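> Dropping a structure here in structure tokens format, bear with me for questions.
The values are calculated or read from the model by the stated rules, or taken from the named source; none is laboratory data. Since the structure is predicted, the reported quantities are computational estimates derived from the model, not experimental observations. Cβ placement follows ideal geometry from the backbone for every residue including glycine, while neighbour counts extend to all protein chains displayed.
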Amino acid sequence: MLGRIVGAVLVAAFGATAVAQAGTLDDVRARDRLICGVSDGLPGFSVRYPEGDWAGFDVDICRAIATAALGDFNKVEYVPLSAAARFDALRSGRIDVLSRNSTWTMSRDLGGLEFAGIAYYDGQGFMARAVDGMTSALQLDGARVCVVNGTTTEENAAAYFQANGLNVSFVRFTSRPEARMAFASNDCDVFTADASALAAERSILPAPDDYVLLPEIISKEPLGPVTRDGDPAWTGLVRWTLYGLINAEEHGMSDESVEGNREQAAALGKPAAVPLGLADDWLASVIASVGNYGQIFDRNLGEGSPLAIRRGVNALWTEGGILYAPPMQ
Ligand SMILES: N[C@@H](CCC(=O)N[C@@H](CS)C(=O)NCC(=O)O)C(=O)O
């Protein structure tokens, strides 16, 4: 009897180990499709067009990962997720990776999740109505503040207001569109969120020029793709795809230059090919499909886009920013 129990425990333990070792990379290959969690409609980051196509910065990261793993940027199923639902969707295995304005924090990192890298250095800000003439968040005493639940946002704002001796009341929402509508109809005086999300929200308010972003940035919000703990090959693929996009920009490789000459990009990505079982030229395929980091940024968020976000701290470290990808040796 004891032997049978020990045997069952061993089988269970061995089975569990085998599952953990097989990992998401094998699952994605077997399915021949990546399941990527994105936001539920954030202009510039993830937008679904009526015909069903998706576009945005976070979506392009999904596409880059699919190209690295499967050689085809189209092999992605997008799962739109609210802020509150996103991490459980990842932990439960409903999605393979989360590419959705998610801040790398200590408690998330130690709570079964793995941040593969930083794709966008963000920070929390405030959007107000221009007509109110506010020029600083320090004028917000007595304000009603719209905020979305399940985010780092309310805690940051509460700490900021307390530190500055300001009394505010929070108006909480579970979805960003609800918060935006409440703000647009004067149910609150100010909307607080990541500055990139505020730029996105402002671009879809009926009259964007009626709203201003206040100058204060009150937190660090390093955003990046998230995987599950204990999934090293998959996390490695996501991490080095992101770093590959950044290093490609640093090395001056774009989708156009790679079309004519795949060798340089292939050589940059090659050290990952054997450990992850990828095509030798996986990185050349990624860059040919989505461009380098700078091209992805410009297309979706940059000054020529409706969001008109400057590269700022998201410029390469060689260009005065803090975007710094480890070398691909
Ligand atoms: N970066 C913060 C906030 C991210 C977040 O989800 N923000 C809310 C409020 S702006 C949201 O719904 N974002 C837009 C979206 O993803 O649809 C976090 O990871 O907690």
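> Find the strands (runs of 3 or more DSSP E) located wholly in the stretch 104-144 whose residues include 3 or more that are among the aliphatic types (A, V, I, L, M) and more than 13 Å from the chain's Cα centre (by Cα), and list them.
Hits in the stretch 104-144: none.
> Report the residue count in the stretch 137-149 for those that are surrounded by 16 or more Cβ atoms within 10 Å (Cβ to Cβ) and within 14 Å of the ligand (Cβ to nearest atom).
Final tally of qualifying residues: 4.
> Outside the structural domain of ASP58 (by TED's automatic domain parsing) and under 24 Å from the mean Cα position of the chain (by Cα): does that describe ALA182?
So ALA182 does not fit the description; no.
> Which one of the conditions (1) under 21 Å from LEU198 (Cβ atoms); (2) buried (at least 21 other Cβ atoms within 10 Å of the Cβ); (3) touching a Ser or Thr at 6+ places or on another chain (Cβ under 7 Å) does GLY123 fail to meet, given that it meets all the rest?
It is condition (2) that GLY123 fails.
> Also, quick follow-up: Return the residues of the stretch 60-79 that are within 16 Å of the ligand (Cβ to nearest atom) and either out of contact with any Lys or Arg (no Cβ under 8 Å at 6 or more places or on another chain) or within 16 Å of ILE95 (Cβ to Cβ) (or both); say none if nothing qualifies.
Matches in the stretch 60-79: ILE61, CYS62, TYR78, VAL79.
> Would you check if ILE95 is at pLDDT 95 or above and either within 12 Å of the ligand (Cβ to nearest atom) or assigned to a loop (DSSP other than H, G, I, E, B) (or both)?
It is true that ILE95 is at pLDDT 95 or above and either within 12 Å of the ligand (Cβ to nearest atom) or assigned to a loop (DSSP other than H, G, I, E, B) (or both).
> Considering only residues that are within 16 Å of the ligand (Cβ to nearest atom), modelled with pLDDT of 90 or more and in contact with a Leu (Cβ under 9 Å, 6 or more places away or on another chain), which ones fall in the stretch 5-59?
Scanning the stretch 5-59 gives CYS36, GLY37, VAL38, SER39, PRO43, GLY44, PHE45, GLY56, PHE57, ASP58.
> Write out, first by first residue and then by second, each pair whose Cβ atoms fall under 6 Å of each other, whose residues are 6+ apart or on separate chains, and whose first residue, in the stretch 28-42, is under 19 Å from ARG91 (Cα atoms) and among the acidic types (Asp, Glu) while the second is within 16 Å of the ligand (Cβ to nearest atom) and not in a helix (DSSP H, G or I).
Between residues of the stretch 28-42 that are under 19 Å from ARG91 (Cα atoms) and among the acidic types (Asp, Glu) and residues that are within 16 Å of the ligand (Cβ to nearest atom) and not in a helix (DSSP H, G or I), the close pairs are ASP40/PRO80; ASP40/SER82.
> Look through ALA159, ALA233, ALA179, ALA200 and report the one residue that is farther than 24 Å from LEU113 by Cα, more than 10 Å from the ligand (Cβ to nearest atom) and aliphatic (A, V, I, L, M).
Result: ALA159 is the single residue among ALA159, ALA233, ALA179, ALA200 that is farther than 24 Å from LEU113 by Cα, more than 10 Å from the ligand (Cβ to nearest atom) and aliphatic (A, V, I, L, M).
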